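K.L.:
Please see the structure below; I have some questions.
The values are calculated or read from the model by the stated rules, or taken from the named source; none is laboratory data. These numbers come from a predicted model, not from an experiment. Please note: Cβ atoms are built from the backbone with ideal geometry, for glycine as well, and neighbour counts cover all protein chains shown. For the accessible areas, the whole protein counts, side chains as well, though only heavy atoms, and no ligand, DNA or RNA atoms are used. Shrake-Rupley method; radii C 1.70, N 1.55, O 1.52, S 1.80 Å.
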Amino acid sequence: MIGKFLRGNCLDCPAGRALADQSVETGTRVYSIALAGNPNTGKSTVFNALTGLRQHTGNWPGKTVKRAEGRFSRGGVTYQLVDLPGTYSLLSASTDEEIARDFILFGEPDCTVVVVDATALERNLNLVFQVMEITDKVVVCVNLMDEARRTGIEVNVDRLSEELGVPAVGTVASSGEGLDDLVAAISKVIQGQIVTSPKIPPPPAAATALVDDLVPRIRALYPDLRNARWIAYRLIEGDYRIREALMSGELAGLAQRQAGAS
Ligand SMILES: Nc1nc2c(ncn2[C@@H]2O[C@H](COP(=O)(O)OP(=O)(O)OP(=O)(O)O)[C@@H](O)[C@H]2O)c(=O)[nH]1
Ligand SMILES: [Mg+2]
């Protein structure tokens, strides 16, 4: 029952358990939101502005090394915001990437916000696509819009949103501009008022054939797993962490939690 209630939170981690305990006490549903993004895009600035906490920010990449958590409420709804370390990808090449990837995959947030740099959109989109492969509950926060304006870069966020199939919101996190719209988009995605349909560039045909072959085998082992296709892609990329999770049965735990939640 509590598993059902807290679907979206990782009940195996201390933060998830703490959240579970508090939710039992208050009897209210708390929605979890992950803040992902390349290094130095303003994730912690968004986190601080929304939660009122003071997670470390500064003008160099790699400031956030562990995940930080804080809450805020809007319209009678409470959100648990999780500030993740900056990553260029989720392929677990580094501890930071593992922390971010594991939370998005195993923590199953109700919504993942990918904070991107408006002045370097193309480079930042790689991570957006990787996150959209894991989950369709995604909102893109196009931050540093002031820097983009200052350097003459025009970002059409509506067009971006259309092309990605998920909401995109322009923000200046350091001044608070756009953050109300960001929270409104997050809320609509969580409540199902916005139905996302992520558009991810197709992978090479050879990879697709291998993945098509692997997916039924993974499903045979873990019938309740929702992300079998994503797991298959990571396996052919040689992601050792996913391979270990598959061999050790860690994926079975995830599949059971997903089954209990649905
Ligand atoms: N001009 C401008 N500066 C911003 C904006 N958002 C954040 N900053 C600044 O950008 C720098 C990086 O912000 P952080 O919030 O620390 O970035 P981060 O994504 O958490 O960085 P990592 O934790 O290292 O990945 C800080 O100096 C912020 O004050 C913005 O919208 N406009
Ligand atoms: Mg940070």
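K.L.:
Work out the charge dipole of region 136-262 with +1 on the Cβ of Lys and Arg and -1 on the Cβ of Asp and Glu about the Cα centre, then indicate which of Ile200, Ala184, Val140 is farthest towards its positive end.
P.N.:
Positive-end residue among those listed: Ile200.
K.L.:
On average, how much accessible surface per residue is there in region 43-188, in Å², for a 1.4 Å probe, leaving out ligands, DNA and RNA?
P.N.:
43 Å²
K.L.:
Give me the three principal axis extents of region 75-195 from the C-alpha atoms, as integers in angstrom, largest value leading.
P.N.:
39, 38, 27
K.L.:
Among 99-107, 69-77, what's the highest-first ranking by average C-beta atoms within 10 angstrom per residue?
P.N.:
Highest-to-lowest ranking by the protection proxy: 99-107, 69-77.
K.L.:
How long are the three semi-axes of the equivalent ellipsoid of region 183-236, in whole Å, if each is the root of 5 times an eigenvalue of the C-alpha gyration tensor, listed from largest down?
P.N.:
In descending order, the three semi-axes are 29, 16, 8 Å.
K.L.:
So, by mean Cβ neighbours within 10 angstrom, what's the order for 139-152, 219-232 with the highest one leading?
P.N.:
139-152, 219-232
K.L.:
Which of the peptides 37-49, 196-208 is most tightly packed, and how do the rest follow, judged by the mean count of other Cβ atoms within 10 Å per residue?
P.N.:
Taking the mean over residues of other Cβ atoms within 10 Å, the ranking is 37-49, 196-208.
K.L.:
When only C-alpha pairs under 8 Å and at least 6 residues apart count, what is the relative contact order of region 138-206, in percent?
P.N.:
Over region 138-206, the number comes to 34 percent.
K.L.:
Which log10 I(q)/I(0) values, to two decimals, does region 117-173 give at q = 0.18, 0.25 Å⁻¹ under the Debye formula with one point per Cα?
P.N.:
-0.57, -1.03
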